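Here the structure comes first, spelled out in structure tokens, and everything after it is commentary.
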Amino acid sequence: MSDDDQAERPFDPRLTRRRLMSLAAATTGAIGSTMLDLPALAEETTTVHSDQIEKLLPGFRRSRIRTDGAEINTLVKGEGAPLLLLHGHPQTVVCWHKVAPKLAERFTVVLTDIRGYGDSSKPDGGKDSINYSKREMARDQVEVMRALGFEHFYAAGHDRGGRVLHRLLLDHPAAVTKAVLLDIAPTATMYAKVTKDFAMRYMWWFFLSQPAPLPETLIGNNLDFYLQAHINKQNKTPGAIDPVALEEYRRCYTRETLHAVCEDYRAAAGIDLLHDAADSDKRIGCPLLVLWGEKGVVGSTYDVRATWREKAVDVSGESLPCGHYLPEEAPELVIDRLGGFFT
């Protein structure tokens, strides 16, 4: 059977239940570190205990799954069709805390910290930051989902997670049945159409990608200030960022994380653009929903639907009344839109 034939198969909830029998407690129990019943591809390693995660995502079963190039912090809850949710910068899995529990009533929700962020590992960047290319970061996610028993799944990505998902859709077209991208335009499009206004408002695209150790040294002098300033700049809904979530973001925003973040942005400004140019004729084949904040930079700078119609064959989308952090600023709308699209 070809990948294309497999992609047409409907999800089998019975398969989901079989794979997650050992996770039955995840729908009611607390986060722990008991071994998952995973195939040989995955290897669970020691997890980091976090009171914040337990408060924000109760009942999610937590593990750390080894992929070919990293160890990925992974949380799972629910039954039904699998749904992978990918966060952005400077956040972690907990950016979905207002959305994921509700979606877990209908889907098997999988949350991961993308490579270099949160409690996932932070490997060396390698030559040209290749280990933080979206190609490698996307491969992590496919391997995690396969380790959990999911060859085909739904997926949504916000910010950097959306860029990882974009590459995943190109490199692994049979894996994702439907996808949602939150508050991004294509990376290559954004770099190709840089204006002074965009550069001023998205200055970290150009600062974080500078050669090491310049950004690491300057930002590392006051991580608290940078993290808070970055979030304040993009949040347009006062009070939307839960203090407990902010505490978790700060716990994870270490000097090691900062270097990994810079490697992510260096890859985006370099090797990712080479990968994008090499397959510029490819188009995303699965149905794609794009959502963006009407008060954010992306929505005010680009015709978001039009940019993605250049990259995909089936695109729908709309703006939501918020800034950049859709899952935290407009969670009910995100739940509604994702639930409707994936059902």
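The values are calculated or read from the model by the stated rules, or taken from the named source; none is laboratory data. All values reported here derive from a predicted model rather than from experimental measurement. Cβ: placed from backbone, ideal geometry, glycine included. Neighbour counts: every protein chain shown. Side chains are part of the model used for accessible areas, which takes the heavy atoms of the whole protein and leaves out ligands, DNA and RNA. Shrake-Rupley method; radii C 1.70, N 1.55, O 1.52, S 1.80 Å.
Count of the range 199-227 residues, restricted to those that are loosely packed, with under 12 Cβ neighbours inside 10 Å and in a helix (DSSP H, G or I), is 5. With respect to (1) out of contact with any helix residue (DSSP H, G or I) (no Cβ under 7 Å at 6 or more places or on another chain); (2) over 27 Å from V99 (Cα atoms); (3) open to solvent by 40 Å² or more (accessible area, probe 1.4 Å), the lone exception for N232 is condition (2). Only residues that are within 19 Å of the chain's Cα centre (by Cα) and of a type in the set (D, E, K, R) were counted across the range 175-209, and they come to 2. Taken over the range 121-146, the criterion of being assigned to a loop (DSSP other than H, G, I, E, B) and open to solvent by 10 Å² or more (accessible area, probe 1.4 Å) is satisfied by S121, K122, P123, D124, G126.
When you go through G149, G118 one by one, which is the residue that is crowded, with 21+ Cβ neighbours inside 10 Å, on the phi > 0 side of the Ramachandran plot and in a loop (DSSP other than H, G, I, E, B)? Testing whether each residue is crowded, with 21+ Cβ neighbours inside 10 Å, on the phi > 0 side of the Ramachandran plot and in a loop (DSSP other than H, G, I, E, B) leaves just G118. Scanning the range 61-95 for residues that are in contact with a helix residue (DSSP H, G or I) (Cβ under 6 Å, 6 or more places away or on another chain), open to solvent by less than 10 Å² (accessible area, probe 1.4 Å) and more than 20 Å from A175 (Cβ to Cβ) turns up G88, H89, P90, Q91, T92, V94, C95. Do we have any residue at all in the range 319-331 that's of a type in the set (D, E, K, R) and more than 18 Å from H87 (Cβ to Cβ)? Checking the range 319-331: not a single residue is of a type in the set (D, E, K, R) and more than 18 Å from H87 (Cβ to Cβ). Taken together, T254, T343 contain a single residue that is out of contact with any Asp or Glu (no Cβ under 8 Å at 6 or more places or on another chain) and modelled with pLDDT under 95, which is T343.
Among all positions in the range 310-328, there is at least one residue which is surrounded by fewer than 18 Cβ atoms within 10 Å (Cβ to Cβ), within 14 Å of T189 (Cα to Cα) and either in contact with a Ser or Thr (Cβ under 6 Å, 6 or more places away or on another chain) or not hydroxyl-bearing (S, T, Y) (or both).
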